[in-house]
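Each remark here refers to the structure printed beneath this line.
Every number in this text was worked out from the coordinates using simple rules, so none of it is lab data. Quick caveat, the model's predicted, so the values are computed rather than measured. All Cβ positions, glycine included, derive from the backbone under ideal geometry; neighbour counts span all protein chains shown.
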């Protein structure tokens with residue numbers, strides 16, 4: 001059957017057919033090695049990290065008090081609304097790329113491009129932020145042991161603390177090397193990398209359980225009063241902050257092609273990882289705000305200082321060391337997410353196909369992994385944590401909006417597609433996800449909007465100059481249109 005040339009509006013909003021995505025995923029250049037619990041561990045690794053070891057104490061001390069528990073529950077409900085939508089797509093489209101791929105299949109190429117383009121920046125920045133945070137823990141640990149790194153490698157330029165001469169810091173070498181280490185681990189092959197990640201996740205969960213089991217015996221119920229010293233408004237503001245600690249499953253879903261049975265396992269892994277993480281968050285918050293009055297919580301090292309305050313110095317040291325290794329899993333999950341989104345965009349022709357080249361022996365996208373490893377190392381080495389953190393946030397929320405809208409559109413346009421998981425409460429649950437995402441975007445600073453606008457404009461230039469003409473769909477349409485013309489030629 002011959003296909004007639006597509007009208008111009010179809011060329012602009014062209015979509016990747018779902019049946020074509022399914023066919024390609026069966027013959028992927030990526031090796032299928034991940035089972036259900038490895039996927040779940042990657043999801044937990046992306047969700048639990050800075051949320052427990054840093055954000056919980058900060059929000060309790062400055063924004064919500066003991067009602068930080070409510071903050072996490074609100075964030076969990078908002079995240080779950082989007083997670084249900086991700087789970088439906090993950091069971092339907094077993095391809096790397098997550099929100100980028102789902103947007104391409106349902107809302108069209110321009111939407112997919114900008115979501116993919118934005119996630120590349122967001123994921124890379126998250127890796128850098130976490131690396132800088134771990135470097136801070138590491139320097140603190142060294143000081144406890146009466147050791148110190150040479151000043152030139154101790155931090156990014158301009159981040160010198162009081163008492164250190166300006167210009168003494170040249171690079172945060174430890175943070176930069178961490179980024180390169182994660183790139184190296186990912187390049188060893190997904191099976192080896194997943195083992196590394198799973199081991200660290202088990203260690204992290206063990207540390208959180210240690211906090212809960214030991215800390216519960218040192219709870220003073222008087223510390224829970226007042227429960228919401230900043231009012232419910234404080235709890236909602238806290239939810240906007242901690243929300244960014246409960247979305248690691250979206251980066252995990254980029255590994256769909258490396259799952260042994262993606263359509264069956266990926267939806268379960270998304271829901272399991274969020275559920276496990278939320279239970280641990282709630283228990284940890286209860287213990288933290290019960291052990292220490294919210295006014296006395298140390299935002300930088302909340303749990304370590306809480307155990308020090310009750311005389312458990314050894315456990316405090318164990319928690320500090322465990323936090324360093326535990327937060328490392330967040331770097332793994334989000335660098336993996338960045339490389340898989342970039343790999344998908346490159347394979348689809350929206351980025352140069354050079355990036356999609358996989359290592360034949362290990363079947364991983366080595367080139368693009370090193371590109372993101374070096375990029376995140378540069379950001380981590382030369383920017384302070386505030387500057388790096390300001391590069392994140394908005395892209396994740398926009399991805400949530402795209403996925404929630406796309407799942408509604410596809411459910412009503414193609415209701416008979418075989419879905420291994422169906423988002424419940426359609427269309428209310430996805431609409432809740434959209435509403436929460438828009439609400440949380442309203443909390444972002446104007447600097448975030450400016451940076452997003454600059455990155456958006458740069459992406460528009462790349463799309464118009466290269467991607468629009470070189471995507472596989474564009475080339476296929478061009479071939480289809482030129483074919484009949486050649487036959488009609490005299």
| message | How far apart, in nanometres, would the label points at residue 449 and residue 77 be if each is projected 7 angstrom from Cα along the Cα-to-Cβ direction? | response | 2.8
| said: If I take every Cα pair under 8 Å that is 6 or more residues apart in segment 28-477, average their sequence separation and divide by the length, what percent do I get for the relative contact order? | reply: 35
| task | May I ask you to give the average projected area over all directions of the convex hull of the Cα atoms of segment 82-172, in nm² rounded to one decimal? | result | 9.2
| note | Its Cα gyration tensor gives segment 284-336 an equivalent ellipsoid whose semi-axes in whole Å, largest first, are 24, 13, 8
| remark: Semi-axes in Å, largest first, for segment 170-237 (Cα gyration tensor, √(5λ)) are 38, 20, 13
| field | Sorted largest first, extent of segment 113-223 alpha carbons per principal axis (Å) | value | 46, 45, 29
| note | For segment 291-340, averaging the sequence separation of alpha carbon pairs under 8 Å that lie six or more residues apart and dividing by its residue count, the contact order in percent is 23
| task | Return the tail of the calculated pair distribution for segment 26-99, meaning the percent of Cα-Cα pairs more than 22 Å apart. | result | 41
| In Å, what is the Rg of the alpha-carbon atoms in segment 362-471, and how long is Dmax? | 18.3, 51
| request: Apply 1/(1 + (r/R0)^6) to the Cβ-Cβ distance of residue 210 and residue 149, taking R0 = 30 Å, and write down the FRET efficiency to the nearest 0.05. | output: 0.60
| task | Within 10 Å, count the other beta carbons around each residue, average over each peptide in 124-136, 425-437, and list them highest first. | result | 124-136, 425-437
| field | Ellipticity estimate at 222 nm from DSSP helix runs (n ≥ 4, -39,500 (n - 2.57)) divided over the chain, nearest 500 | value | -21500 deg cm²/dmol
| request: Quantify how much of the Cα-Cα distance distribution of segment 28-477 extends past 29 Å, in percent. | output: 45
| With axes computed from alpha carbons, what is the tilt in degrees of helix 262-291 against the longest principal axis of the chain, rounded to the nearest 10 within 0 to 90? | 20
| remark: Tilt, helix 394-413 to longest principal axis of the chain (alpha-carbon atoms), in degrees rounded to tens, equals 50
| field | Relative exposure of 271, 153, judged by other C-beta atoms within 10 Å (fewest first) | value | 153, 271
| said: At 7 Å along Cα-to-Cβ for each site, give me the label-to-label distance between residue 378 and residue 478 in nm. | reply: 2.9
| Proxy reagent accessibility, fewest Cβ within 10 Å first, across 166, 471, 273 | 166, 471, 273
| note | Simple spin-label estimate for residue 165/residue 221, 7 Å along Cα→Cβ, in nm, reads 5.8
| note | Going from the fewest other Cβ atoms within 10 Å to the most, one would list 117, 152 as 152, 117
| query | Want the number for residue 438 to residue 279: 0.36 nm per residue separation, take away the alpha-carbon distance, what's left? | reply | 54.7 nm
